[in-house]
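Asks: After the structure tokens below, expect a handful of questions from me.
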Amino acid sequence: MVNNINFRKSTSAQLDVLVLGGFVLVKLILPFFLVNTAYSLHRDEFLHLDQAHHLAWGFQSVPPLTSIFAVIIQFLGGSEAAVRLVTASIGALTLIFTWKIVAEFKGRLYAKALSAIALICCAVGRLDLLFQPNAFDILSWTAIYFFLIRYFNTRANKYLYLTGVALGIGFLNKYSICFLIAGLIPALFIANQRKIYASKHLYGAGLIALLIMLPNLLWQYHHHFPVVGHMKELARTQLDKINRVDFLKDQLLYYFNIIFIVLAGLWALVLSKTFSSYRWIVIGFVISLALFTWFRAKAYYAAGLYPVIIAAGCSYLALQFNQGWKRKYLRALIVILPLALFSVTLKYAYPVLSPQQIVGSHDKYARVGALRWEDGLQHDLPQDFADMLAWKEMAALTDIAYAKVKDKSALLVRADNYGEAGAINYYSKFKNINAVTYNADYLYWFKMDKPIKHVILVRESNEEDPQRKKEQPFFKKITKIGEVTVPYAREKGAAVFLLEDATIDINSRVQTEIEEEKHDH
């Protein structure tokens, strides 16, 4: 009898691993089918990829962890496929942690599989598509939830220390993890888990987290906390345009495909006796979401809050639909529904359609708010999609200019923004082209060790001086190489100029402009 029970447990465990492996495989290959060939990488990805060449304990725009992933991508060949694979792998780890949270909630295979489907079909899956800190941000939040839940279920102190490790590494990825902690600290006190504050191991875990964070904190201190300037600029140029009500509306939109699972998770954590020991999760969720709303955060900043809610929802629904006709019909329905809605909303969330196809369906995209950019205005394409166009053409134009210069050591390639500079460095056939800009981290990456005699200038389409009259007194020859012509690209109309044979000291002028930009930030 005992052997029979053990056999069933072993078979069940093997099936669990097999099904989980299948979902992980789907997660890894799905990104390669969700991006139309008309698109390349996203402007933000280029900045993070370039950080691999400038490893440090911090950057102006982000903490240092993304640069480590950039090094891994380089090791894998640096191709677009390598970029997609690394980000998909991070998403797969989030799926695994969510699966394990379901297990902690006593959910069985059905609930686990439903959680995997839910993650793939909601905004969490969308954020795993691009090489940005967002994917690992969601992973680190989910890991923290898992380790805390595991601690409360087992009282094994090692999970507190693992929570500290996850927090420290998460901080090195994105500072917004502080919003999670700001929610969890009062939540644990308000709920029935306040005894945790009497544990010396909690403070030991906090010390470990602080030690992991310390190199970045010291870097921030020695560089006069550039993160403060970055946040001020972000607030001035983007966050102040975000309506708080729109932030909350977007929470519903991002999880529309699985909204019944999210609501079930919240219901379970608030009202179900089965989940009474996990009330702190929903209290923390509300506090963190309120803080994000107050500070006018972008809607996706809160994505890390949802995997644990999804896990609770899947576990609760599986428990409720466990007998009779509910088990036979409703269990199938709640698997089919997210997949059906995902198939309908897919074209709005992912760049599966060409720009021309999207423009042809303008009204449909506008109705769901997909064409509203950070400037608050409606455009032809979703912003992220427009940020994935024209980079190869821009790099090709820059290469034409670069090839014309004989003395490459006396050449500076300067773009208008980090997307342009990073794209040129990534797609150029000249691997030492070293394009820079007075923008983001590139401000610290200028090479000024040799006299600059020639400049390749990349200017945005809204440039006030298209004839380069400003630079004409300083160079003997100025040639316009061409303009970006890719339709609907955010960079359409950007121009590439070759400025040759400087008549003044360009180095000192550039250095002055760099210092002015640093002061402004």
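The values are calculated or read from the model by the stated rules, or taken from the named source; none is laboratory data. Quick caveat: nothing in here was measured; it's all calculated off a predicted structure. Here the Cβ is made from the backbone with ideal geometry for all residues, glycine too, and neighbour counts use every protein chain on show.
Asks: So Asn153 passes all but one of these: (1) in contact with a Lys or Arg (Cβ under 8 Å, 6 or more places away or on another chain); (2) closer than 20 Å to Thr98 by Cα; (3) surrounded by fewer than 18 Cβ atoms within 10 Å (Cβ to Cβ). Which condition number does it fail?
Replies: Single failed check for Asn153: (1).
Asks: When you go through Ala191, Ala182, Ala205, Ala198 one by one, which is the residue that is among the aliphatic types (A, V, I, L, M), over 22 Å from Val270 (Cβ atoms) and either surrounded by fewer than 18 Cβ atoms within 10 Å (Cβ to Cβ) or modelled with pLDDT under 95 (or both)?
Replies: Ala198
Asks: Given the conditions (1) over 25 Å from Leu55 (Cβ atoms); (2) acidic (Asp, Glu); (3) touching a residue at least 60 places away in the same chain (Cβ under 8 Å), report the number of the one that Glu420 does not fulfil.
Replies: Answer for Glu420: the failing condition is (1).
Residue-wise test of (1) touching a helix residue (DSSP H, G or I) at 6+ places or on another chain (Cβ under 8 Å); (2) over 18 Å from Ile400 (Cβ atoms); (3) at pLDDT 95 or above.
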| residue | (1), (2), (3) |
| --- | --- |
| Val413 | yes, no, yes |
| Ala421 | yes, no, yes |
| Tyr426 | yes, no, yes |
| Thr437 | yes, yes, yes |
| Ala440 | yes, yes, no |
| Met448 | yes, yes, no |
| His454 | yes, no, yes |
| Arg459 | no, no, no |
| Glu471 | no, yes, no |
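Asks: Let me ask another. So, of the residues in the range 467-489 that are assigned to a strand (DSSP E or B) and not aromatic (Phe, Trp, Tyr), which turns out to be nearest to Ser61 (Cα to Cα)? Please lay out each step first, then the result.
Replies: Of the range 467-489, the ones assigned to a strand (DSSP E or B) are 475-483.
Subsequent filtering for residues that are not aromatic (Phe, Trp, Tyr) retains 476-483.
On the way: Lys476: 37, Lys477: 36, Ile478: 33, Thr479: 33, Lys480: 32, Ile481: 31, Gly482: 31, Glu483: 28 Å.
Looking at the filtered set, the residue picked out is Glu483.
Asks: Let me ask you something else. Can you pull out the residues in the range 490-509 that are surrounded by fewer than 20 Cβ atoms within 10 Å (Cβ to Cβ) and not in a strand (DSSP E or B)?
Replies: Once the filter is applied, which keeps residues that are surrounded by fewer than 20 Cβ atoms within 10 Å (Cβ to Cβ) and not in a strand (DSSP E or B), the range 490-509 yields Lys492, Gly493, Thr503, Ile504, Asp505, Asn507, Ser508, Arg509.
Asks: List every residue pair whose Cβ atoms lie under 9 Å apart, where the two residues are 6 or more positions apart in sequence or sit on different chains, the first residue falls within the range 310-339 and is outside the structural domain of Ala268 (by TED's automatic domain parsing), and the second residue, located anywhere, is part of a helix (DSSP H, G or I) and aromatic (Phe, Trp, Tyr).
Replies: If the second residue must be part of a helix (DSSP H, G or I) and aromatic (Phe, Trp, Tyr), no pairs are left.
Asks: Within the range 439-466, which residues are within 35 Å of the chain's Cα centre (by Cα) and either more than 23 Å from Glu517 (Cα to Cα) or not in a loop (DSSP other than H, G, I, E, B) (or both)?
Replies: Passing the criteria: Ala440, Asp441, Tyr442, Leu443, Tyr444, Val455, Ile456, Leu457, Val458, Arg459.
Asks: Could you give me the residue pairs with C-beta distances under 6 Å whose first residue belongs to the range 233-248 and is more than 21 Å from Ala440 (Cα to Cα) and modelled with pLDDT of 70 or more, whose second residue is surrounded by 14 or more Cβ atoms within 10 Å (Cβ to Cβ) and not acidic (Asp, Glu) wherever it lies, and which are 6+ apart or on separate chains?
Replies: Hits for this filter: Ile242/Arg296; Arg244/Thr293; Phe247/Thr293; Phe247/Ala299.
Asks: I'd like to verify a number: residues in the range 376-410 that are over 16 Å from Ala489 (Cα atoms), in contact with a Lys or Arg (Cβ under 8 Å, 6 or more places away or on another chain) and in a loop (DSSP other than H, G, I, E, B), how many?
Replies: The number of residues fulfilling the criteria is 2.
Asks: Shifting gears a bit: Taking the range 471-507 as the region of interest, how many residues are among the hydroxyl-bearing types (Ser, Thr, Tyr) and under 37 Å from the mean Cα position of the chain (by Cα)?
Replies: Looking only at that region, the number is 2.
Asks: Considering only the range 427-456, how many residues are of a type outside the set (D, E, K, R) and surrounded by fewer than 23 Cβ atoms within 10 Å (Cβ to Cβ)?
Replies: Of the range 427-456, the ones of a type outside the set (D, E, K, R) are 427-428, 430, 432-440, 442-446, 448, 451-452, 454-456.
This time we only want the ones that are surrounded by fewer than 23 Cβ atoms within 10 Å (Cβ to Cβ), so: 427-428, 430, 432-434, 438-439, 443-446, 448, 451-452.
Residues meeting the conditions: 15.
Asks: Looking at the structure I just gave you, is Leu411 among the hydrophobic types (A, V, I, L, M, F, W, C), farther than 29 Å from Ala81 by Cα and either in the same structural domain as Val35 (by TED's automatic domain parsing) or buried (at least 21 other Cβ atoms within 10 Å of the Cβ) (or both)?
Replies: Working: among the hydrophobic types (A, V, I, L, M, F, W, C): yes; farther than 29 Å from Ala81 by Cα: yes; either in the same structural domain as Val35 (by TED's automatic domain parsing) or buried (at least 21 other Cβ atoms within 10 Å of the Cβ) (or both): yes.
When the stated conditions are applied, Leu411 passes them.
Asks: Now a separate question. What number of residues within the range 261-286 are hydrophobic (A, V, I, L, M, F, W, C) and crowded, with 19+ Cβ neighbours inside 10 Å?
Replies: Qualifying residue count for the region: 11.
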